Structures are given as structure tokens and as C-alpha cells.
Amino acid sequence: MAVNERLQALSDRADIFDCMQRYARGMDRRDRELVRSAYHDGAVDEHIGFVGPVDEFIDWAFAYHETQPRYQHYLLNHTADITGDRAHAETYYLFVGTDRAPANHLTVNGGRYIDRLERRDGRWAIAARVCVVEWHTEGTTLITDETMGFLADILTVAHDRSDISYERPLNPVRFPSSS
């Protein structure tokens, strides 16, 4: 493979994985614009009981996450088979969430996102997704309301654009300036 072809392949893989990360971060921050940027217009998502257009999927997913005060999507193993402007990707995920009711109820899912991506106008995004759940477990968290009360003064957590991860430039107010 020529150097230019190899550079293009590496660039495509990075852009595709960046798309996966926009999806996960957007879900965790409930940032509709960011999640939506991971999909092309007309995309379809088949996702744990939901099958339909991307905008309806986002509504469905955000409504589900409203019942969870704490949750995260982790991305793990990732492969992408790329042919021209089309790719098929498999991305392993781990989802961990706690529910408001019953209190301290923990849900953990593991599975894979199987995606058909397309490059349109130079942008890689999902055209079709199937979310495969390979395992699921539930239990009680070790984090109690008392523990979360203690952490409230330490952590800044928000499921929207007020989260500290959106702050540019990052300027931690908890630490005195060294100047």
C-alpha cells in the first residue's frame, strides 16, 4: 500500500472512531446536536427494543436516560472495514447506569454497535446501526446517597452543556492560581 493510501486509511479510521466517540459523549451529556452529528440524515437505529429513524431514536434514548441520574457509555474494541466511501464497523461497548427508582439500582450491559457508515461530503457518519446486547446484569450500587452527597462538593456532573467538559478554556475554580 502506498504511503498516501495508508495515510488516507488511517485518517478514515480516526474519523470513524471519532464518530463513535461523538455518539457516546453526546449520549452521556444528553447533547442532541453531538449525538445527531454521529448520524447522517435518513439513518436508522435498531437499539434494544427500538427500531426507527435517528431523531426518534434520540428522543427514545434521552427519555430512557432521564430515569438515570448517573450513567456512562464506554467504547472498547473497535474495527472498521473501509471500502471507498462506505465502511462497516464493530465497536464493543459497556454501559453502566444507576436508576432513580429503585434507589441505587445498577444496570450494566455489554455488547456491540454494528454500524454501516458512509462518507458524504467528506464527513463519516452512521447510516445504519444495530445495537447487539451480549450480556446484562443488575444489582445494587455501592454508591449511596450519603456518598454522593460527599462527592457533590468534589465533582461537577451534568447531563447537558453545563458539564465542565464543555468549558473552554478549562479553568478549574477549585484550585488557587499558582501565579
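The values are calculated or read from the model by the stated rules, or taken from the named source; none is laboratory data. Note that the coordinates shown come from a computational prediction; the quantities given were computed from them, not determined experimentally. Reconstructed Cβ throughout: ideal geometry from the backbone, glycine too, with neighbour counts over all protein chains shown. Remember, those area values only see protein heavy atoms, side chains included, never the ligands or the DNA or RNA. Shrake-Rupley method; radii C 1.70, N 1.55, O 1.52, S 1.80 Å.
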Quiz prompt | Simple Cβ-charge dipole of region 1-119, Lys/Arg +1 and Asp/Glu -1, about Cα centre, in debye nearest 20 | solution = 420 debye
Quiz prompt | FRET efficiency, S37 to T140 (Cβ-Cβ, R0 45 Å, nearest 0.05) | solution = 0.80
Self-check item: In Å², nearest 10: area of E66 left accessible to a 1.4 Å probe
Solution: 100 Å²
Quiz prompt | Cα extents of region 92-143 along the three principal axes, largest first (Å) | solution = 46, 20, 15
Quiz prompt | Distance in nm between pseudo-label sites at E66 and V157 (7 Å out along the Cβ direction from Cα) | solution = 2.0 nm
Self-check item: Sum of -39500 (n - 2.57) over DSSP H runs of 4+, divided by residues of the chain (222 nm, nearest 500)
Solution: -9000 deg cm²/dmol
Practice problem: Pop out the ³J(HN,Hα) list for region 112-127 in order, Karplus 6.51 cos²θ - 1.76 cosθ + 1.60 with θ = phi - 60°, rounded to Hz; leave Gly and Pro as x. | Solution: 9, 9, 10, 10, 9, 10, 9, 9, 10, 6, x, 10, 7, 7, 6, 9
Exercise. Using only the Cα atoms of region 43-104, build the gyration tensor, take square roots of its eigenvalues as a ≥ b ≥ c, and label the shape rounded, prolate or oblate: rounded if a/c is under 1.5, else prolate if a/b is larger than b/c, else oblate.
Key: oblate
Self-check item: Fluctuation leader among G84, G26, G110 - the chain, Gaussian network, Cα springs under 10 angstrom
Solution: G84
Quiz item: Under a 1.4 angstrom probe, counting protein chains only, how are I48, I164 ranked by accessible area, largest first?
Solution: I48, I164
Exercise. Go through L117, T98, A43 and say which Cα lies farthest out towards the positive end of the charge dipole of the chain; charges sit on Cβ, +1 for Lys and Arg, -1 for Asp and Glu.
Key: L117
Practice problem: Among C19, V132, N4, flag the residue with its Cα farthest along the positive direction of the charge dipole of the chain, charges on Cβ as +1 for Lys/Arg and -1 for Asp/Glu. | Solution: N4
Exercise. Over all alpha-carbon pairs in the chain, figure out the percentage whose distance exceeds 19 Å.
Key: 63 percent
